[in-house]
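S.K.: Below you will find the structure I want to go over with you.
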Amino acid sequence: MATTDLKSAEFEKTVTQDGIVLVDFWAEWCGPCKSFGPVFEAASEKNPEITFAKIDTEAEQEIAGALEIRSIPTLMVFRDGVQLFSQAGALPGHALDDLIDQVKALDMDEVRAEIAQQQAANT
């Protein structure tokens, strides 16, 4: 399997590393989570250079609460330590593939400059 189970203690270190990280927040009892699981796994097999992590919201309630996860599955995408995407709901395979392609295509220097501009405007 190309996905890893992520614990709360490892979350920050994982999402702040260089590269792309996708995090799937899920629970065993969640029907949509069960249908999204194979889609997430298939994407991980096609993209071995990306970190695909799963957080069981039942076992890791602290991190799920801190991140205000209110609905599952929820997918978060990070690149080079910057959160780029967060959405509840199961994505179909083609939509997940398209999202991954968009994240790969981003110029992170431009993204950081845009974030800096927004922060400066808010101060």
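Nothing in this text is a laboratory measurement; each read-out follows from the coordinates by a stated rule. In this text, all values refer to a predicted model and were calculated from it rather than measured experimentally. Backbone-built Cβ (ideal geometry, glycine too); neighbour counts: all protein chains shown.
S.K.: Out of the DSSP beta bridges found with both residues in the chain, what percent are antiparallel (nearest 5)?
M.R.: 55
S.K.: Now for a different question. Between A9 and V82, how many nm apart are label points set 7 Å from Cα along the C-beta direction?
M.R.: Calculated label separation equals 3.2 nm.
S.K.: Right, next: Compute the angle between helix 93-105 and the longest alpha-carbon principal axis of the chain, please, reported from 0 to 90 degrees and rounded to the nearest 10.
M.R.: The angle comes out at about 30 degrees.
S.K.: About the Cα centre of the chain, what is the dipole size in debye to 20, counting +1 per Lys and Arg Cβ and -1 per Asp and Glu Cβ, all else neutral?
M.R.: 180
S.K.: To continue, here is another question. For E114 paired with Q102, estimate the spin-label separation in nm (one decimal), with each label point 7 Å from Cα along the Cα-to-Cβ line.
M.R.: 1.0
S.K.: I've got another one for you. For every helix of n ≥ 4 consecutive DSSP H residues, a contribution of -39,500 (n - 2.57) applies; sum these over the chain, divide by its total residues, and give [θ] at 222 nm rounded to the nearest 500 deg cm²/dmol.
M.R.: -14000 deg cm²/dmol
S.K.: In addition: Expected output is a single nm value to one decimal: the length gained when fully extending between T123 and A66, i.e. 0.36 nm times separation in residues minus the C-alpha distance. What is it?
M.R.: 18.1 nm
S.K.: Further question on the same structure: Using Cα springs under 10 Å in a Gaussian network model of the chain, which residue among A113, A90, A64 shows the largest mean-square fluctuation?
M.R.: For the chain, modelled as a Gaussian network with Cα springs under 10 Å, the answer is A113.
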